[in-house]
Amino acid sequence: MENKITIMFWLGTILATVLCCVVIAVVILYQKRLKEYQITLLKQRLSIILEAEHKERARIARELHDGVCNELACVLSSLQIIKLYQDKKTKKDALKQIKKITLNTYNQLQELSYHLSPPYIEDNPLESILSDYIGRINKASSIEFSYHYEPVSFELDQNVKLTFYRVVQELIQNIIKHSGASKVSLRLLWDKGKFILLISDNGIGYDSDIKSDNAKKGIGLSNIHARLKQINADFRHIREENSNAIGIYYAKQNNKSSNSR
C-alpha cells in the first residue's frame with residue numbers, strides 16, 4: 001500500500017512538473033508570438049505612415065509643379081515680351097500681367113500651405129477659371145488660342161475642377177515649350193452625363209503614353225495621368241505628324257456631383 005502511495009506521489013509530481021513545463025512553454029511561445037505580432041503590426045503602421053507621407057509629398061510636388069511653376073512660366077514669357085518689344089504700351093501691359101500673375105502665385109502658395117488648392121477654384125465654374133487662364137496665356141504667348149464652351153449641364157465638385165485646371169495648365173505649357181504650334185483650340189463640351197474637354201494644336205505630334213518608349217518621361221506627363229486616374233477620367237490622344245488632338249472624358253458622379261441645371 002505504501003509503495004502504491006509512493007508511486008502515485010511521484011507520478012503526480014512528474015505530471016505536475018510536465019504540466020508546469022507545458023504551461024511555461026505555452027507562455028513563452030505566446031509571448032514570442034505576441035512580440036512578433038506587435039513587431040508586424042508596428043511595421044504595418046510604419047509602412048502605412050511612410051506610404052501616406054510619400055503620397056502627400058508627391059501631391060505637394062504635383063501642386064508646385066502644375067501650379068506655381070506654370071504660373072512662373074507665364075512670368076518668364078511676359079519678361080521675354082518686355083525684352084523683345086520696344087513699344088511702351090506693350091511693355092506696360094506685360095508688367096501688369098506680371099503683377100497679376102505674381103499676386104496669383106502668392107495666393108496659390110498661401111492656399112497651398114492650408115489646402116493645396118487655388119483660392120478661386122471653389123467659388124467659380126470651370127469655364128470661367130479656364131477662360132481667365134487662356135486670357136492670360138494669350139497675352140503672354142505668340143500662339144493663337146481659341147476657347148469655346150457650351151452651357152453647363154451638371155456641376156463639377158472642387159476636386160474635379162482643380163484636376164482639370166491643373167491638367168489644362170500642364171498640357172498648354174507642354175504645347176508652348178515643345179510643340180512649335182501656332183494655333184491651339186480648347187473646347188468644353190457637355191454630353192448628357194459626360195463632361196468632355198478637348199485640346200488640339202497644329203504642332204509636332206508627340207507620344208502621350210507614359211508606358212511607351214517614345215514618350216517623354218517627365219513629371220508633367222506622369223502628373224496628368226495620375227490626376228485623371230484619381231477622378232476616373234479617360235485620357236485619349238490622337239497624334240498626327242503636324243497636329244495633336246487630346247480628349248479627356250469625365251462621367252458624372254452621382255455621389256459627388258450636384259443636381260443637373
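Quick one: which of K99/K183; K139/K177; K100/K161; K88/K183; K89/K177; K100/K194 span more than 24 angstrom between C-alpha atoms?
K99/K183; K88/K183; K89/K177; K100/K194
Going by average Cβ density within 10 Å per residue, which order do the peptides 134-141, 31-38 take, highest to lowest? Show your work: numbers first, answer last.
On the way: 134-141: 18.5, 31-38: 10.0.
Order by mean packing, descending: 134-141, 31-38.
What FRET efficiency do you get for L79 and S47 if R0 is 41 Å and r is their Cβ-Cβ distance, rounded to the nearest 0.05? Can you show the working numbers first?
On the way: r = 46 Å, r/R0 = 1.12.
About 0.35, to the nearest 0.05.
Using amide H atoms built in the peptide plane, which far-off residues or other-chain residues are under 5 Å from K183 H to H?
Here the answer is E144, N202, since their amide H atoms fall under 5 Å of that of K183.
Note the full-extension length gain between S243 and R33 as 0.36 nm times their separation in residues minus their Cα-Cα distance, in nm to one decimal.
Contour length minus the Cα-Cα distance gives 69.2 nm.
Using R₀ = 25 Å, calculate the FRET efficiency as 1/(1 + (r/R₀)^6) where r is the Cβ-Cβ separation of F235 and L109; round to 0.05.
The value I calculate is 0.35.
Expressed in nm to one decimal, what extension gain is obtained for the pair K99 and T40 from 0.36 nm per residue of sequence separation less their Cα-Cα distance?
15.8 nm
Each reported figure results from applying straightforward, stated rules to the coordinates on display, with no laboratory input. Remember, predicted model here, so these are calculated numbers, not experimental data. Neighbour counts run over all protein chains shown; Cβ positions are idealised from the backbone, glycine included.
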